[in-house]
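Taking it in order: structure first as structure tokens, then the write-up.
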Amino acid sequence: MLDDMHHLSSGFKAWATEVQYYGMDECRQACGGAGVLLSSGVAQMWADAAPNVTFEGVNVVMYQQSSRAMFKAIAALDKGKKVAGVFSYMNSFPSLLKSKCPAVTVADMLDLSTL
């Protein structure tokens with residue numbers, strides 16, 4: 001479970017800090033000139049939140065670590081092995097990839113019976 005936990009925690013850290021950073025920056029910008037004034041409190045909240053994307057690992061590295069587990073699971077599937085844990089849903093992928101999609105046109109893709 002250590003690999004699964006590492007995948008989930010590094011991915012969640014990167015996603016959550018990125019969302020909070022861009023959300024806080026949007027809030028600051030929405031306040032206009034008051035958003036940059038320390039007296040408003042918004043600028044200080046933004047300054048406090050900004051380093052979170054770097055603390056405990058830069059988000060790019062965290063996303064890479066998270067995706068490494070996914071690529072490892074895909075490589076196992078490619079070799080015909082079954083995967084367990086958070087990636088067990090991928091065990092049905094090989095059979096799905098071998099089946100031919102009957103859709104030919106855009107209209108076919110919009111038809112629920114095709115999907």
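The values are calculated or read from the model by the stated rules, or taken from the named source; none is laboratory data. What you are looking at is a predicted structure, and each value in this text was computed from that prediction instead of being measured. When we count neighbours, we look across all protein chains shown, and the Cβ atoms used for this are built from the backbone with ideal geometry, even at glycine.
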Check: So is Ser9 modelled with pLDDT under 85 and of a type in the set (Ser, Thr, Tyr) or not?
Finding: no
Checklist line | First in segment 45-67 and free of Cβ contacts under 8 Å to residues at least 60 places away in the same chain, second anywhere and part of a helix (DSSP H, G or I) and aliphatic (A, V, I, L, M), Cβ under 6 Å, 6 or more apart | finding: Trp46/Met24; Ala49/Met24; Asn59/Ala14; Asn59/Val53; Met62/Ala14; Tyr63/Ala14
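Of these, Thr17, Thr54, which one is of a type outside the set (Lys, Arg) and either over 23 Å from the mean Cα position of the chain (by Cα) or surrounded by 14 or more Cβ atoms within 10 Å (Cβ to Cβ) (or both)? Quick ask: steps written out before the conclusion?
On the way: Thr54 fails: either over 23 Å from the mean Cα position of the chain (by Cα) or surrounded by 14 or more Cβ atoms within 10 Å (Cβ to Cβ) (or both).
On inspection, the qualifying residue turns out to be Thr17.
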Check: So, of the residues in segment 64-96 that are of a type outside the set (Lys, Arg) and outside any helix (DSSP H, G or I), which turns out to be farthest from Ala14 (Cα to Cα)?
Finding: Gly80
Check: If we scan segment 51-60, do we find a residue that is in contact with a Lys or Arg (Cβ under 8 Å, 6 or more places away or on another chain), part of a loop (DSSP other than H, G, I, E, B), over 30 Å from Ser95 (Cβ atoms) and not hydroxyl-bearing (Ser, Thr, Tyr)?
Finding: yes
